[in-house]
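Since the structure comes first, as C-alpha cells, the remarks are kept for the end.
The values are calculated or read from the model by the stated rules, or taken from the named source; none is laboratory data. From a predicted model like this one, the values you see are computed outputs, not experimental measurements. All Cβ positions, glycine included, derive from the backbone under ideal geometry; neighbour counts span all protein chains shown.
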Amino acid sequence: MNNRAWSPEEELELIRLYNDEKQEVTEIADYFEKKPRSIISKLVQLKIYRKPSDDKPDKRSVKSMVIELEQILGIEIEGLNLTKKSNLERVVDGIKNKLGQSSN
C-alpha cells in the first residue's frame, strides 16, 4: 500500500485524467497504483468528484410500493405488512376486480 502524499504534479495529472480524459476512477487508480477509494477521496478534496449516475432503476421502498398498489387497485392496505392475511386478501381481491374476476 502506497501512503505517499500527492505532489502538485500528480494532482495536475489526476485532474487531467479525470476531467479532460474522462477516465474512470478504477483506471486512474491503476495509473497511480493507488486504491480507487484513495482516488475518490482526493477528487472530493479537490472538489471535482462527480458521483457516477446509477443506470439501475430507483430503489423502491416497501412503503412506496404499497402506496402504488393502493393507487393501482383502488384499495386501502392497513400498515405495510403484506404477509398479514387481511392485507394480502385486499391485494388479491383488488387484482381480481381489476381483471374482472369474481372474488372467492
Notebook entry, point to check: Could we say that Leu80 is at pLDDT below 80 and farther than 30 Å from Asn19 by Cα here?
Noted result: yes
Checklist line | Residue among Leu43, Leu88 that is at pLDDT 80 or above and surrounded by 15 or more Cβ atoms within 10 Å (Cβ to Cβ) | finding: Leu43
Note to self: When you scan the stretch 52-73, do you find a residue that is within 30 Å of Ala5 (Cβ to Cβ) and exposed (fewer than 13 other Cβ atoms within 10 Å of the Cβ), even just one?
What the structure shows: yes
